[in-house]
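The values are calculated or read from the model by the stated rules, or taken from the named source; none is laboratory data. As the structure is a computational prediction, the values presented were derived from the model and not from experiment. Counting neighbours? That spans all protein chains shown, and the Cβs are built from the backbone with ideal geometry, glycine included.
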Amino acid sequence: MQINSKPFYVTTPIYYVNAEPHIGHAYTTIVGDTLARFHRLLGVPTFFQTGTDEHGEKVVEAANAKKMPVRDYVDQISGKFQAAWDALEISYDNFIRTTDPAHIRVVQDILQKVFDRGDIYFSEYAGYYCYGCERFVLERELVEGKCPDHLVKPTFVKEGNYFFRMSRYQDWLIDHIQGHPDFIRPERYRNEVLAFLKEPLEDLCLSRPKARVPWGIPLPFDDTYVTYVWFDALINYLSGLGYPDSPTFRLFWPGCQHLIAKDILKPHGIYWPTMLHAAGVPLYQHLHVHGYWQLGAGKMSKSLGNIVEPLNLVQRYGLDQVRYFFLREMVYGLDAAFSEEAVVGRINADLANDLGNLFSRSLAMLFKYRQGKVPAPATVEPQDQAIQELAQAVWEDYRTLLTGLEFHKALMRLWELIGEVNRYIVLNEPWRLHKEQEHDRLDTVLYTLVEALRWVAMLLQPIMPGSAAKMLAQLGQAAEGEGGWSLSSLAWGQILPGTSLQRGDPLFPRLEILTPAPAPTAAAPAAPLQTKEEIDLTTFRHLDLRIGTIQRAERIAKSDKLLKLVVDVGGPRQVVAGIAQEYQPEDLIGKQVLVVVNLKPAKLMGVESHGMLLAAKSEGRLVLVGPESPVLPGSPVA
Ligand code: MSP
């Protein structure tokens, strides 16, 4: 496979030290880590940077609130970010702090360059200032006179300040964005920036009087002023590489990819490219913008008191489980809902059930039938060939999807392989082959299984590094750095016959749902279960229940509840289901569900339905019901 080996530089935002790390920060950092690990595994020179943003008024306020000297305060919170990322095994190459002397020098150097070019001027300015945003806001940005992000009325401020002639670069920026369709992605954010650029762009106020804000980097051409925190912060992406002269800068800057959430789109999509252009530095390659993790109805924030700490989550569920959840659950670019029920659901369904069971079941068979040694395959039949071809196709798609930051789709594709290997076991019945002494066939089936598992483990390395390493060790494979196979040269058949497998603990133990129903108390004895009218067995047997595999799913126009599905129940069936509020169509493909197949056909919103999917109703939500492990489509349920 063709590997793009252009050096890869990936950055997260540098996080403000006025709050402690939460899962929103952890998400972007885990995405960065996954991309960095993936590129390293492909042999691409990689540099991954994260860090902390330590200047500005908000930081001073936070230090004052804690009655700490600002310097001690920033050291403490920055240390907490570093400790959190170390506990999450984030493989950053550089952790930058904007209080680092090397960073301060670069900020001053760039300010001077832009000043010398005539792009910075002094002017008296009067306007509305939002202390939360730390910037002057335009009247048209306000909602009912308040800043929509901080819900406070901005203060009227009049002061002399330095300005960056950003307006001069408006047309140039529009041209650049239009000429480079993937400069800002996904497209919705590119459109948002272009829509913003339809209005005249104002110049950017880039200073604060030192008398009012002493905690900042002094302007090199007027030390009675410090630089505005965004002008300081954005430059971290250059200073961290050793701009302007270091070989690291020259090697990595051309492949620069920024990861951010939508909250800081404007500084990254508008201020930063114009600043770079004014300083004579080529632009970053891509800005990848993601949505928010929402808790309950709104965004997570310190003021709302609904922060989820990443370390706490990792201690309860395990690091790789949390990484998998984040990457599988959020569609990069869109908001996603966070709940611990969703974390437990994913762990149990995808990890414990699909992957963990497949792995332990396969290894158990290899120990039982072949004393834990990989057999040599005999004649390869079409169904074995099909697994090889699927593994190859999945790897190609997976690589493209990961490179395009479509983590949820990459994982769904990989889980198709896992599902298919589970079905391969059901179809080939190794226990029967053993009983009937079909030794050659059993060798081929077991080899195919073990090799498919190795592919799964190899592909999971950037997502769940610890678990992938454990899987590879149980498969008798050395780590990549210790003579093991490299992802960049993955090929079918690399696991050698005769390899000794290792026994291990279950990879992903099943979890109990953490919020059990309250136990009935003596004072309020449980009410007897209210049921529908009793039926006899004959009536029950009239129901024809089958397991079906969802093959296609799409929304039905003008309905926010209904989905049109094609379900394989031993043959394709069109079924309409009222589950559009709980399930995205693309998440349903490959899912096995319980279907009533002998209901009289009915028309819903003009679409024919030939059956009904069964779902549990819990707290007003529908949850589809399916088999505990994969079975053949059309299997009867009795
Ligand atoms: N210091 C600035 C960034 C300067 S970069 C040159 C800043 N810091 S921040 O601490 O507020 O971090 C914002 C970033 O944290 C978001 O862009 C995103 O990466 C991450 N997130 C914070 N809350 C989040 C969610 N609720 N959901 C997803 N990501 C979130 O802005």
| Among the listed residues 173, 194, which satisfies the condition of being closer than 25 Å to residue 256 by Cα and touching a Leu at 6+ places or on another chain (Cβ under 8 Å)? | 173
| message | I'd like to check something: does the range 125-148 contain any residue that is assigned to a helix (DSSP H, G or I) and either among the aliphatic types (A, V, I, L, M) or crowded, with 21+ Cβ neighbours inside 10 Å (or both)? | response | no
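Tell me, which helices (runs of 4 or more DSSP H) lie completely within the range 199-279 with 3 or more residues that are within 33 Å of the chain's Cα centre (by Cα) and more than 14 Å from the ligand (Cβ to nearest atom)? Steps first, answer last, please.
On the way: elements: 229-234, 236-239, 247-252, 272-278.
Because the criterion is at least 3 residues that are within 33 Å of the chain's Cα centre (by Cα) and more than 14 Å from the ligand (Cβ to nearest atom), the helices (runs of 4 or more DSSP H) in the range 199-279 that meet it are 247-252.
Give me a count of the residues in the range 622-637 that are within 20 Å of residue 342 (Cα to Cα) and modelled with pLDDT of 75 or more. Lay out the reasoning, then the answer.
Step one: filter the range 622-637 for residues within 20 Å of residue 342 (Cα to Cα), giving 622-629.
Then drop every residue that is not modelled with pLDDT of 75 or more, which leaves 622-628.
Total satisfying the criteria: 7.
Which of the residues belonging to the range 338-362 are part of a helix (DSSP H, G or I) and touching a strand residue (DSSP E or B) at 6+ places or on another chain (Cβ under 7 Å)? So that I can check it myself, show each step before the final result.
First, pick out the residues of the range 338-362 that are part of a helix (DSSP H, G or I): 340-362.
Scanning the range 338-362 gives no hits.
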| remark: Of (1) hydroxyl-bearing (Ser, Thr, Tyr); (2) part of a helix (DSSP H, G or I); (3) near the ligand (Cβ under 10 Å from one of its atoms), residue 34 satisfies every one except (3)
| Any chance residue 308 is on the phi < 0 side of the Ramachandran plot and not in a helix (DSSP H, G or I) | yes
| said: Looking at (1) of a type outside the set (Lys, Arg); (2) assigned to a loop (DSSP other than H, G, I, E, B); (3) closer than 23 Å to residue 41 by Cα, which one does residue 326 not meet, given that it meets all the others? | reply: (2)
| field | Among (1) more than 12 Å from the ligand (Cβ to nearest atom); (2) touching a helix residue (DSSP H, G or I) at 6+ places or on another chain (Cβ under 9 Å); (3) closer than 30 Å to residue 203 by Cα; (4) not aromatic (Phe, Trp, Tyr), the one test that residue 333 misses | value | (1)
| Quick one: residue 608 ticks every box in (1) under 20 Å from residue 354 (Cβ atoms); (2) of a type in the set (Asp, Glu); (3) modelled with pLDDT of 90 or more bar one, so which box is it? | (1)
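Limited to the range 1-31, what total is found for residues that are in a helix (DSSP H, G or I), among the small types (Gly, Ala, Ser) and either near the ligand (Cβ under 8 Å from one of its atoms) or under 22 Å from residue 70 (Cα atoms) (or both)? Spell out the reasoning first.
So the first thing to find is which residues in the range 1-31 are in a helix (DSSP H, G or I), and the list is 23-31.
After this cut, where a residue has to be among the small types (Gly, Ala, Ser) as well, the list is 24, 26.
If we keep only those that are either near the ligand (Cβ under 8 Å from one of its atoms) or under 22 Å from residue 70 (Cα atoms) (or both) too, we end up with 24.
Count: 1.
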| query | Can we say residue 327 is crowded, with 19+ Cβ neighbours inside 10 Å, at pLDDT below 95, within 25 Å of residue 621 (Cβ to Cβ) and away from the ligand (no atom under 11 Å from the Cβ)? | reply | no
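Filter the range 570-607 for residues that are in a loop (DSSP other than H, G, I, E, B), over 26 Å from residue 409 (Cβ atoms) and touching a residue at least 12 places away in the same chain (Cβ under 8 Å) and give the result.
Going residue by residue through the range 570-607, those that are in a loop (DSSP other than H, G, I, E, B) are 570-571, 578-584, 589-591, 597-601, 605-606.
Subsequent filtering for residues that are over 26 Å from residue 409 (Cβ atoms) retains 570-571, 597-601, 605-606.
Within the range 570-607, 570, 571, 597, 598, 599, 605 qualify.
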| note | Of the conditions (1) farther than 21 Å from residue 431 by Cα; (2) surrounded by fewer than 20 Cβ atoms within 10 Å (Cβ to Cβ), the single one that residue 370 does not satisfy is (1)
| Only one of (1) under 22 Å from residue 130 (Cα atoms); (2) among the charged types (D, E, K, R); (3) in a helix (DSSP H, G or I) is not met by residue 158, so which one is it? | (3)
| message | I need the full set of residues from the range 595-609 which are within 38 Å of the chain's Cα centre (by Cα) and closer than 25 Å to residue 623 by Cβ, in order please. | response | 595, 596, 597, 604, 605, 607, 609
